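Below is one structure; the comments refer to it alone.
The values are calculated or read from the model by the stated rules, or taken from the named source; none is laboratory data. Being a predicted model, the structure only gives us computed values, none of them experimental. Reconstructed Cβ throughout: ideal geometry from the backbone, glycine too, with neighbour counts over all protein chains shown.
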Amino acid sequence: MLSTTQTLPRRTIALPTRRLFSSSSPTLSIASKLYPGLYYHEHPSQPSSYTLSYLPSPPPSLRFSPTTIGTLSPLSRPPSSFDSQPKADQGVPPILPRTLSENPDFLKLVHEVIKANVEGDLWLQTKAKSIGEDTHIHIADERSPADANRIGDPSDIIGSVLVQSGKVVGSTYEPNHVAYRLVTEEGGLMRLPQGLQGKLVEACKRVRVIEEEAAREEQA
């Protein structure tokens, strides 16, 4: 299990230096009001498009970064008066399945963080103690909470983990690669349980340090 001072496994954060580059042009970054802790970074080559991140500045490279959630592009057509008006931060496109191109490397980082920290999550520990018996429990996205004693929509189930004798067994964590989506039409962008969300941001910060070190080495 990772603590705030430990690092992720090297296989997760080892970055190929040859894919990094540094840009000297300034980038507009906007803090989201709809999603606290989220930032929009103006895309340097795609007009009216943004990359999304939980860090206040963009990575040294847009070609490869596990810290980039995805690329947000404008709607192909503006919503008509008959369409439901999607929520959006001022000046940027709404975050929808049809506007966000997901970054698979970010999703891999999400699952690595969950697996490394799931045993220490207080909410899951409490839930495991209440169950007691050996069974698997789902880790659900909090953007669309399911009714009590009901399983949420498959697109909101991040993964599952075994509860054994009232304890979460982190090594048994299984990602929901088939159905889970970073963004849905109804719920919007991913909202991890609070404790795991904090661990994800910490991991992004550690990855960014490695990215910046690699970029400096390439420029030297």
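To keep it simple, each residue is scored yes or no on (1) surrounded by 15 or more Cβ atoms within 10 Å (Cβ to Cβ); (2) among the charged types (D, E, K, R); (3) over 14 Å from the mean Cα position of the chain (by Cα).
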{"residue": "Pro97", "(1), (2), (3)": "no, no, yes"}
{"residue": "Ser101", "(1), (2), (3)": "no, no, no"}
{"residue": "Ile114", "(1), (2), (3)": "yes, no, no"}
{"residue": "Asn117", "(1), (2), (3)": "yes, no, yes"}
{"residue": "Trp123", "(1), (2), (3)": "no, no, yes"}
{"residue": "Ser130", "(1), (2), (3)": "no, no, yes"}
Can you tell me which residues in region 160-185 are surrounded by fewer than 19 Cβ atoms within 10 Å (Cβ to Cβ) and within 20 Å of Leu122 (Cβ to Cβ)?
-> Ser160, Leu162, Gln164, Ser165, Gly166, Lys167, Val169, Gly170, Ser171, Thr172
May I ask you to list the residues in region 35-59 that are of a type outside the set (Ser, Thr, Tyr) and assigned to a strand (DSSP E or B)?
-> His41, Glu42, Leu52
Just checking, how many residues over region 157-200 are closer than 30 Å to Gln85 by Cβ and in a helix (DSSP H, G or I)?
-> 3
On the given criteria, is Lys108 of a type in the set (Lys, Arg) and more than 25 Å from Phe64 (Cβ to Cβ)?
-> no
Could you give me the residue pairs with C-beta distances under 6 Å whose first residue belongs to region 39-60 and is under 17 Å from Glu211 (Cα atoms) and at pLDDT 95 or above, whose second residue is surrounded by 18 or more Cβ atoms within 10 Å (Cβ to Cβ) and hydrophobic (A, V, I, L, M, F, W, C) wherever it lies, and which are 6+ apart or on separate chains?
-> Leu52/Ile69; Leu52/Leu72; Tyr54/Cys204; Leu55/Cys204
List pairs: first in region 62-74 and touching a residue at least 12 places away in the same chain (Cβ under 8 Å), second among the charged types (D, E, K, R) and outside any loop (DSSP other than H, G, I, E, B), Cβ under 6 Å, 6+ apart or cross-chain?
-> Arg63/Arg19; Phe64/Arg19; Pro66/Asp105; Thr67/Arg208; Gly70/Glu102
Which condition does Val168 not pass, out of (1) more than 25 Å from Pro94 (Cα to Cα); (2) without any contact (Cβ under 8 Å) to a residue 40 or more places away in the chain, if it passes all the others?
-> (2)
Taking the condition under 19 Å from Ile137 (Cα atoms), over 12 Å from the mean Cα position of the chain (by Cα) and of a type in the set (D, E, K, R), does Glu185 pass?
-> no
